[in-house]
Amino acid sequence: MVCMCGALITVYLLGEHVMTGARKYAAFAVLFVLVIFLTTLTFSYQRLITRNPYVSAGDHEDSLKPQSKPRLIEQRVKLCLLKQPVLFNQTTHPKYTKVVVLNRDQLVHQGEVLTVKVMAGDKEGRPKTSGGDFFRARLIGSDGSVQASSAGHVTDHCNGTYTVQFPLYWVGTVSIKIQLVHPSEAVKVLQRVRETPNKRFFYCSFVDANNTDTTRCFSSVNPSLPSYQQCDFSKPEVNGTWVCEKPDKLPCSAVSKCRWDRLESVARTLRGVSQQEETLFQKPYIEKELEVEPNEPIPVLERQGRRPTTQHLPPCTWDKSASVGHWSGNVWKSSVCNVRVFTQRDIQRCLANKTVYMQGDSTLRQWSERLQEIVPLYYNKNTMDFTAILAGDNRQWNISVRYRFHHFPLQQVNWNVFSNFRYVADELDPSPGGSNTVIVLSLWAHFTAEPLEIIRSRLYAIRGAIHRLKRRSPATQIVVRTGTTRQHRTAYTRRGAELQFYLTGSDWLSYQITEVIREMFRADPDVVVLDTWDMSVCQPGKDAIHPDETMVDNQLNMLLSHICPN
């Protein structure tokens, strides 16, 4: 642009000696208008390529680097938690935390919003003046005639008060259920523990024809380990870190299998928590239901005019999330788009001639296993590892489903073959994509115990690979799912196991990752964020990292409604 303007000015000056009077001023006016036009055009183009991540050949890679990424989520968390130390005499207490229905005296109708105010109080009965408490809010049908439930949306005002909004989806009487999952003091502990690197213990075995050795491995850089004592399997280009201590008699290339050590991980995690802090994860501070004032069920009246049904909702296109809605019996009904209930024949027709690539954690493997039962799919036993790789096909309908676990860190006590694992970005880059290709990604469950920077950096590399794939093949369908709630009671009786379960697997940790995923892909066109958080908060079944069949089938209905909206 600068060169063009310079050239025009040069032409003007060279021709100036042959132009006089009115001709000179007219030429200058034309030149001025031309410069303004080119400047505006260039600025508009710059805005266009900035807004569309698939236009620039360089893919704006600098914006994907960890050191330059936005901090919106972390800033919002720290805004409410501040940087104050844990004050145990000011711990939020469920007994003194009040829940008041603001519009209780008004008649409420289907389609409106029921608003609730939560006022936190500490263990001495004093009003809290800071935020950060973590709540779980649900609305459930209470008259027995309607089996329904939905999630409430909590706004933290950072001053000890919270607003909870419940969209009213059905007619009948409803009851409000708000649970104090963690007081803000416990959240501060969770935040500190999460940001502690290498608190989980991993080991890898190294094997050749004559020797076997096992060394400790790290999911983050370990500054105390000199480079000559390292086997560095990290890949900076995909923001993946995996470093092992080098065996004495074996090369790094002899790496064979890796595993997570539960007992050592529990011991190390617990060493970072004081006995007083442990009390924050015990009764009455943990997952306590709050009293609602008044406590009577609330009647929801039918609204005037035509009552909308799912038939009046638009199809679930790539820019419409099906995540907002409610449970009606055992069926998830979106309030945004038409989530269809797929029969076996519907699924076969939807996925006919398609290849579905799934990569992520075992919550996604559960989806592939369910499709194996329904479609059905027949697995090639020569390409199976049950933990890391599953490949199923249905020749009648020409359907292929490929599942692969994401790369380390994995919280699995069994030994896993190291060579079977791939980084998601490395799998996306060689993919040709296409209109009959569906890619589903899910990374969250094994990252709750890691610093938030690890999952954020990994997702930025994945996002860059998605952009490259979409430039090669815009018709490729890509879905990224969020986290869900999980069970918090562990079957292990060893002392500290339950506390460790909260410290590394709390719903608060999962929700922070869900928020990161939402922010990461919110502005990306043609990438569906399949947000499963709300439907897990109010699910009819029990919370579980691997939920029951009802939950899985409805998650698949959401997925398939985006793949085949009509």
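The values are calculated or read from the model by the stated rules, or taken from the named source; none is laboratory data. Keep in mind the model is a prediction, meaning the values are calculated, not measured. Here the Cβ positions follow ideal geometry from the backbone for every residue, glycine too, while neighbour counts run over all protein chains shown. Side chains included, ligands, DNA and RNA excluded: accessible areas come from the protein's heavy atoms. Shrake-Rupley method; radii C 1.70, N 1.55, O 1.52, S 1.80 Å.
Once the range 314-337 is narrowed to residues that are in contact with a Ser or Thr (Cβ under 7 Å, 6 or more places away or on another chain) and over 18 Å from ASP526 (Cα atoms), the residue that is surrounded by the most Cβ atoms within 10 Å (Cβ to Cβ) is TRP327. I'd like to check something: does the range 460-483 contain any residue that is under 26 Å from GLU278 (Cα atoms), crowded, with 19+ Cβ neighbours inside 10 Å, touching a residue at least 40 places away in the same chain (Cβ under 8 Å) and assigned by the TED database to the domain that holds GLN412? Yes, the conditions are met somewhere in the range 460-483.
Residues satisfying the criterion are absent from the range 347-363 (criterion: open to solvent by 10 Å² or more (accessible area, probe 1.4 Å), in contact (Cβ under 8 Å) with a residue 12 or more places away in the chain and closer than 30 Å to GLY141 by Cα). Of everything in the range 100-118 that's loosely packed, with under 13 Cβ neighbours inside 10 Å and in contact (Cβ under 8 Å) with a residue 40 or more places away in the chain, which residue is nearest to GLN304 (Cα to Cα)? For the range 100-118, the residue satisfying everything is LEU107.
Every condition in (1) modelled with pLDDT of 95 or more; (2) assigned to a loop (DSSP other than H, G, I, E, B) is met by LEU180 except one, and the failing one is (2).
Please verify whether TYR162 is under 27 Å from the mean Cα position of the chain (by Cα), farther than 30 Å from PHE501 by Cα and surrounded by 19 or more Cβ atoms within 10 Å (Cβ to Cβ), treating the condition exactly as stated.
No.
Give just the number: which of (1) modelled with pLDDT of 95 or more; (2) of a type in the set (Gly, Ala, Ser); (3) within 24 Å of SER368 (Cα to Cα) does SER506 not satisfy? Looking at each condition in turn, SER506 falls short on (3).
Just checking, does the range 101-108 include any residue being touching a Phe, Trp or Tyr at 6+ places or on another chain (Cβ under 7 Å) and either of a type in the set (S, T, N, Q) or under 28 Å from LYS333 (Cα atoms) (or both)? No, because not a single residue in the range 101-108 is touching a Phe, Trp or Tyr at 6+ places or on another chain (Cβ under 7 Å) and either of a type in the set (S, T, N, Q) or under 28 Å from LYS333 (Cα atoms) (or both). Residues that are of a type in the set (S, T, N, Q), at pLDDT below 95 and out of contact with any Phe, Trp or Tyr (no Cβ under 8 Å at 6 or more places or on another chain) are absent from the range 249-268 altogether.
Within the range 550-566, the set of residues being surrounded by fewer than 22 Cβ atoms within 10 Å (Cβ to Cβ) and in contact with a Gly (Cβ under 9 Å, 6 or more places away or on another chain) comprises just one member, THR550.
Evaluate the following for VAL341: is it open to solvent by 10 Å² or more (accessible area, probe 1.4 Å), under 25 Å from ILE545 (Cα atoms) and among the hydrophobic types (A, V, I, L, M, F, W, C)? It is true that VAL341 is open to solvent by 10 Å² or more (accessible area, probe 1.4 Å), under 25 Å from ILE545 (Cα atoms) and among the hydrophobic types (A, V, I, L, M, F, W, C).
Within the range 137-145, can one find any residue that is touching a Phe, Trp or Tyr at 6+ places or on another chain (Cβ under 6 Å), touching a residue at least 40 places away in the same chain (Cβ under 8 Å), over 26 Å from THR532 (Cβ atoms) and not polar (S, T, N, Q)? No, there is no match, as no residue in the range 137-145 is touching a Phe, Trp or Tyr at 6+ places or on another chain (Cβ under 6 Å), touching a residue at least 40 places away in the same chain (Cβ under 8 Å), over 26 Å from THR532 (Cβ atoms) and not polar (S, T, N, Q).
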